[in-house]
Amino acid sequence: MPHDLSHLDTALAAYPRATLLEGPTPIQKLSRLSRLPDMNGCNIYVKRDDLTGLGGGGNKLRKLEFLLGEALAEGADTLVTWGGFQSNHARLTAAVAAQQGLACELILTPSAVRSDEDFCHNGNVVLDALFGAMVHRLAPGAAPDVFAAQRVEKLRQQGKKPFVMPLGGSSPIGSLGYSACAAEILRQADALDVHFDRIIVPNGSAGTHSGLLAGVTLAHSSTQIAGYTVLANEDQAATTTLEKTRQVLQLLDPGATLADSSVSVNGSQRGDAYGAPTDAMLEAVRLLASHEGLLTDPVYGGKSFAGLLAAVRAGEYPAGSHLLFVMTGGLPGIFAYRSAFE
Ligand SMILES: *Cc1c(COP(=O)(O)O)cnc(C)c1O
């Protein structure tokens with residue numbers, strides 16, 4: 001029986017949405033990787049959300065479809081957001097602003113663990129400048145949300161209409177982009193005649209995880225969503241994800257309920273800190289590149305794919321399971337982490 005997605009589709013259609021993707025992103029099976037003996041007979045697939053065209057692509061474009069919808073409905077002329085120096089969300093916000101003819105201000109914070117030349121000046125920051133964004137680099141310890149509030153005040157005094165997006169674009173509205181992605185995945189699963197037992201995602205600002213979980217919940221799908229946190233610790237990330245998922249459900253269907261136990265967040269791959277390389281991440285990035293020709297980033301995709309590999313190798317999934325890993329993009333990060341791969 002195909003999924004009945006009419007309820008989810010109708011709920012999503014109530015929110016203004018800009019089109020930033022070309023259409024559904026492909027789902028592909030990792031055939032060589034799945035055949036390795038230590039994959040224990042699991043069928044590993046990838047959802048190619050790195051294959052979104054604008055600005056180098058990545059998961060933030062799905063959130064930006066709804067955020068931009070909201071911004072344009074409000075008559076905004078300037079997009080404002082913040083993140084780390086290597087923020088993919090900042091880079092894609094700058095690309096969207098360029099495409100739309102809007103101004104863009106990015107507030108970027110230094111990393112506690114990386115201050116090398118490549119990290120500070122290569123990768124995403126090269127692209128932010130190409131897209132024409134105004135970049136504010138904060139000193140260590142400065143609060144980006146406080147700076148953003150001051151900046152917005154100034155822009156308003158100048159007669160501008162700024163639209164502010166939180167870290168990672170993960171407001172409840174932004175997260176709707178991944179509820180729409182859940183519908184897209186379930187349609188593709190029906191067409192492929194595959195039931196995905198589990199969808200595996202990185203969890204940073206939790207919008208990707210929360211949006212997907214809200215989506216499968218409303219579609220009454222038994223597919224589980226498993227997130228690997230790369231930013232907050234496991235307990236914090238689980239709490240944030242539960243709260244955020246409930247906020248997204250509130251937007252889509254105030255009557256919907258969510259059991260606490262449906263949130264699965266694993267902290268085993270985070271390592272010492274956000275953005276700190278781990279051996280398992282390096283192995284995962286290399287394995288995907290050398291066996292499938294696919295590129296994952298060191299901060300999100302590499303760590304969460306390492307978590308998938310560890311679980312499969314530990315026999316956590318029975319042979320014949322169907323696992324879907326969401327490739328979220330972030331390719332420029334590889335160049336910011338050149339020294340880690342040497
Ligand atoms: C932001 C980001 C994520 C994490 O998504 P959240 O919604 O913030 O949890 C994963 N991968 C990449 C490449 C990202 O840029």
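Worth a mention:
- Of the residues examined, VAL230 is one that is closer than 24 Å to ALA112 by Cα, touching a residue at least 12 places away in the same chain (Cβ under 8 Å), among the hydrophobic types (A, V, I, L, M, F, W, C) and within 13 Å of the ligand (Cβ to nearest atom).
- Count - residues of region 128-145 that are in a helix (DSSP H, G or I) and surrounded by fewer than 18 Cβ atoms within 10 Å (Cβ to Cβ): 3
- Single match in TYR274, TYR300 (criterion: under 23 Å from PHE119 (Cα atoms), in the same structural domain as GLY204 (by TED's automatic domain parsing), within 13 Å of the ligand (Cβ to nearest atom) and surrounded by fewer than 20 Cβ atoms within 10 Å (Cβ to Cβ)): TYR274
- SER222 vs. criteria away from the ligand (no atom under 16 Å from the Cβ), part of a loop (DSSP other than H, G, I, E, B) and not acidic (Asp, Glu): yes
- Candidate set from region 50-66 (those that are touching a helix residue (DSSP H, G or I) at 6+ places or on another chain (Cβ under 6 Å) and assigned to a loop (DSSP other than H, G, I, E, B)); member that is nearest to the ligand (Cβ to nearest atom): ASN59
- Scanning region 80-104 for residues that are away from the ligand (no atom under 16 Å from the Cβ) and either within 18 Å of GLY57 (Cα to Cα) or surrounded by fewer than 24 Cβ atoms within 10 Å (Cβ to Cβ) (or both) yields ALA97, ALA98, GLN99, GLN100, GLY101, LEU102, ALA103, CYS104.
- Applying the condition of being within 30 Å of LEU213 (Cα to Cα) and in contact with a strand residue (DSSP E or B) (Cβ under 9 Å, 6 or more places away or on another chain) to region 149-170 and asking which residue is farthest from the ligand (Cβ to nearest atom) yields PHE163.
- Considering GLU243, GLU283, the condition of being in a helix (DSSP H, G or I), within 14 Å of the ligand (Cβ to nearest atom) and surrounded by fewer than 19 Cβ atoms within 10 Å (Cβ to Cβ) is satisfied by GLU243 alone.
- For region 67-89, the condition of being within 30 Å of GLU117 (Cα to Cα), under 19 Å from the mean Cα position of the chain (by Cα) and part of a helix (DSSP H, G or I) holds for at least one residue.
- Checking each residue in region 98-127 for being more than 19 Å from the chain's Cα centre (by Cα) and in a helix (DSSP H, G or I) picks out ALA98, GLN99, GLN100, GLU117, ASP118, PHE119, CYS120, HIS121, VAL126.
- Leading residue by the ranking (surrounded by the most Cβ atoms within 10 Å (Cβ to Cβ)) among those in region 171-201 that are assigned to a loop (DSSP other than H, G, I, E, B) and more than 16 Å from the ligand (Cβ to nearest atom): PHE196
- Pairs with Cβ under 7 Å, 6+ apart, first in region 197-225 and more than 20 Å from GLY174 (Cα to Cα) and at pLDDT 95 or above, second within 16 Å of the ligand (Cβ to nearest atom) and assigned to a strand (DSSP E or B): ARG198/ALA226; THR223/ILE199; GLN224/SER264
- The residue pairs whose first member lies in region 124-137 and is touching a residue at least 24 places away in the same chain (Cβ under 8 Å) and on the phi > 0 side of the Ramachandran plot, whose second member is surrounded by 13 or more Cβ atoms within 10 Å (Cβ to Cβ) and of a type in the set (A, V, I, L, M), and whose beta carbons are closer than 9 Å, counting only pairs six or more residues apart or on different chains, are GLY132/ALA94; GLY132/ALA97; GLY132/ALA98; GLY132/ALA103.
- Note on region 305-340: residues that are within 16 Å of the ligand (Cβ to nearest atom) and within 16 Å of LEU33 (Cα to Cα) amount to 8.
The values are calculated or read from the model by the stated rules, or taken from the named source; none is laboratory data. In this text the structure is predicted, and so the values were computed from the model without any measurement. Using ideal geometry, Cβ is built from the backbone for each residue, glycine included, and neighbour counts are taken over all protein chains shown.
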